[in-house]
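The values are calculated or read from the model by the stated rules, or taken from the named source; none is laboratory data. Model, not experiment: these values are computed from the prediction. All Cβ positions, even for glycine, are placed from backbone atoms using ideal geometry, and neighbour counts span all protein chains on display. Please note that ligands, DNA and RNA were not included when accessible areas were found on the heavy atoms of the full protein model with its side chains. Shrake-Rupley method; radii C 1.70, N 1.55, O 1.52, S 1.80 Å.
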Amino acid sequence: MSPAAASPDDRIRSYEDFARVHAYLLAASGIPTSLHQRLYRKLADEVFDGGEAFSVEPCEGGRQRRLVLGAERTLGRESDVFLVDHAWSFRLSDALNQLREVPGLAERMAALMCVDLDRRTELEEADEQDNGNGGSLENALEVVEKERTRIQEKGSDFAPWLELEELGIDDDMLIALDLSSKFPNMVALNLWGNKLQDPEKIMKGIGECRRLKALWLNENPALKKGVDKVILDGLPELEVYNSHFTRKAGEWALGFCGDIIGADNPCSSAESIPLENIVTLDLSDRCIHKLPEVFSPRKLSSLSSLNIRGNPLDQMSSDDLLKLISGFTQLQELEVDIPGPLGNSAISILECVPNLSLLNGINVSSIIESGKHIIDSALKPRLPEWSPEESLAERVIGAMWLYLMTYRLADEEKIDETPVWYVMDELGSAMRHSDDANFRIAPFLFMPDVTQFCGLFMMFILEKSALEFRKYKEQLQSSSICPSRKVTPVTKSIRPSDGHALRVFTDIPQVEEFLTRPEFVLTSDPKEADIIWVSMQVDSELKNALGLTDQQYTNQFPFEACLVMKHHLAETIHKAWGSPEWLQPTYNLETHLSPLIGDYCVRKRDGMDNLWIMKPWNMARTIDTTVTGDLSAIIRLMETGPKICQKYIESPALFQGRKFDLRYIVFVRSICPLEIFLSDVFWVRLANNQYTLEKTSFFEYETHFTVMNYIGRMNHMNTPEFVKEFEKEHQVKWLEIHGHIRDMIRRVFESATAVHPEMQNPFSRAIYGVDVMLDNKFDPKILEVTYCPDCTRACKYDTQALVGSQGVIRGSEFFNTVFGCLFLGELKDVSPL
């Protein structure tokens, strides 16, 4: 029964139940208490009335949308709450298939994300043709006649300003309009968004307008046919072309940007332009290489606010620009790119222009107090990018990161391993960020009863990266700790002199089944064990719970997180070796997002490979791991938990067209001095699909990932068979590759010795899984180091060693070998590193 149909008493009880069940969610969302009952009524009755209060309109040239409060609607602070639905919810691996298979989904998402503009234009043009409403000469003539009437009313000295945008005007129609003879003194002409194609015909239509100061031909086909040179050569007085300053830009262009020139005050002569009246001057994104000569303190004596963002200004030195701007004694507010044409330091700019009160919208005193050199309060909006040949589904995959939100489900026992991503409906997705917000949007999980829930959202009233990347790169190149040298093994057998067996406590089934040597005996009592070999972390809490002592051997080293957690592994290697070629560029997104963005942008600028892989700090089996070349995706994926972002190996060595990696097992007896051994057996893990870099393949687990023990079809291949086929396919010698892999693995553990000597513990012995990939030059790359690796395959399959004795190694003997090496000092089926 809905609240509308319930009695007053029932409604009160229902609301009280709602408030009790959702108390934590209401508090977390920050919804004012005064709106709780209103929220309940809308949730229970599913009232989505946002469309009655708001409208959605295009912005950024149609590449984004924004939410606008209706002209006749007023809302007081914290006076109402609105529901926003989920338009699309999915797991990342299912996204592409859903877009391809669910009817209408790709079309709806493409429209919501504004990546169907070309498709919409084609449909609109087709509709116009079908309805006989294409480009009309009559419509254009009507605008021309209105302007002629206006000129007659204003007087013959009044300069024409003609707005002919998006009227479907083609080349022949422009000539037929005869603008040159009708408006020989025309000062501005807007032909934005028409169908003009031929540069010569365009000049024929407007070439005699010799006093033209501004012309807009944006979004006309002619721009792809070299019209720019024809226009700039043929119209010598042009100061503004397609919103950019020309080399002739002077008083008129400055007056236009200073809002003292416009359709109602066109000012055709420089003498009549009162530049001294300009208080605010917005020159942003005008493609200015050199400021006009008239841009001076003498001419612009009242200038108080200046914006020069988005201009190269590369024909002026930083010193000359600073000297020029410092002469504006009335200047209070300045917007400029930092780093940019005025240098890399906000502090230096303020020293040269001491009269400023705001720099990039930030109070000068706070900049000086914080010592910030790089500031930016007005970043350009990130807009979706796509190419015409992409399908709507592919465009949505690229654009969705600008719109996605995420959550992860959990119950009392565990948290869901993979997050759910979703797109809010058209209303919610049109909500844009503001530094001075008057609305807030927040998640809310509505549970009408204990068996169901629905995710809803509520609204209620309310460029330093490149520099950081360079600094980070220089820091890596300068950091290196001398690693340890190889030493003769010093650890010995721990077996008691009286010969009694060592007692082993374990929770690992393979150890229980396959540790059969008489020197070891299993025990179910951890307190009486000599060796604790478990899959869980042996910390002080566990030791106290089980009654363990520091004199019992354990299968883990203190501080081993420096190797087995991905962000710590990269940090350890960076400190020890700087930036070795065997570690792909790696960034901890919690601490080094800015350098990553700089690296990404430099690669994009230079046309380099720019594919990255996102990995959670401490999850195995490629859980929540994503391959992407989209910076927006990288930033949004941070929301699903802490991650590293690592340069993807785009050109790996392939086996019969498929990607593969290698799992090695390293036995560690000691960290300081370093005593490590490599198992003579390793395993190859193969992807199931043929390798490709097609963008749509990045969601295909069996194409880009190789761990098939838990997902997909596992195709076991015996190592000697793989090596034989690989050598034949690529004409290489595996032992040479193996030698490089050995050296790399040694260096990885040397990193831990050099950076974290506190790992050493005489009562620690451990094995680690080391995952390695080869690039197309057969050079090894470290992927990760795993604690207590899954040794199911090691115990299951017999194989022939390719190194050492080169004999047959029985899988059932694997843990006998492990314990013999670590606790008895044996070297059977292992090789010292």
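What to note about this one:
- Of the helices (runs of 4 or more DSSP H) that lie entirely inside the stretch 697-812, those containing 1 or more residues that are open to solvent by 50 Å² or more (accessible area, probe 1.4 Å) span 719-730, 734-755, 792-796.
- For first residues located in the stretch 300-320 and assigned by the TED database to the domain that holds residue 288 and of a type in the set (Asp, Glu), partners that are open to solvent by 60 Å² or more (accessible area, probe 1.4 Å) and not in a helix (DSSP H, G or I) and lie 6+ apart or on another chain with Cβ distances below 7 Å form the pairs 314/289.
- Qualifying residues in the stretch 59-82 (those that are within 20 Å of residue 426 (Cβ to Cβ) and acidic (Asp, Glu)) - the one farthest from the chain's Cα centre (by Cα): 80
- For the stretch 537-577, the tally of residues that are in contact with a Leu (Cβ under 8 Å, 6 or more places away or on another chain), hydrophobic (A, V, I, L, M, F, W, C) and closer than 25 Å to residue 479 by Cα stands at 6.
- Filtered by the rule that a residue be within 17 Å of residue 281 (Cα to Cα) and over 35 Å from the mean Cα position of the chain (by Cα), the stretch 323-352 gives 324, 325, 326, 327, 328, 329, 330, 331, 332.
- Unique match (being over 20 Å from residue 90 (Cα atoms), modelled with pLDDT under 75 and within 21 Å of the chain's Cα centre (by Cα)) among 383, 467: 467
- Scanning the stretch 554-567 for residues that are closer than 13 Å to residue 588 by Cβ and open to solvent by 30 Å² or more (accessible area, probe 1.4 Å) gives a single hit, 565.
- In the stretch 609-646, the residues that are modelled with pLDDT of 95 or more and surrounded by fewer than 19 Cβ atoms within 10 Å (Cβ to Cβ): 611
- Wholly within the stretch 260-364, strands (runs of 3 or more DSSP E) carrying at least 1 residues that are among the β-branched types (Val, Ile, Thr) and within 24 Å of residue 190 (Cβ to Cβ): 280-282
- Positions within the stretch 107-116 being assigned to a helix (DSSP H, G or I) and open to solvent by less than 10 Å² (accessible area, probe 1.4 Å), in sequence order: 109, 110, 112
- Answer residue from the stretch 41-78, given it is assigned to a loop (DSSP other than H, G, I, E, B) and of a type in the set (D, E, K, R) and is modelled with the lowest pLDDT among those: 72
- Residue match in the stretch 540-553 (condition: among the aromatic types (Phe, Trp, Tyr) and open to solvent by less than 30 Å² (accessible area, probe 1.4 Å)): no
- Residues in the stretch 81-99 that are over 18 Å from residue 404 (Cβ atoms) and either of a type in the set (Val, Ile, Thr) or open to solvent by 10 Å² or more (accessible area, probe 1.4 Å) (or both): 81 alone.
- Within the stretch 596-607, one or more residues are aliphatic (A, V, I, L, M), more than 24 Å from residue 685 (Cβ to Cβ) and surrounded by fewer than 19 Cβ atoms within 10 Å (Cβ to Cβ).
- Scanning the stretch 681-697 finds one or more residues that are more than 37 Å from the chain's Cα centre (by Cα) and under 18 Å from residue 663 (Cβ atoms).
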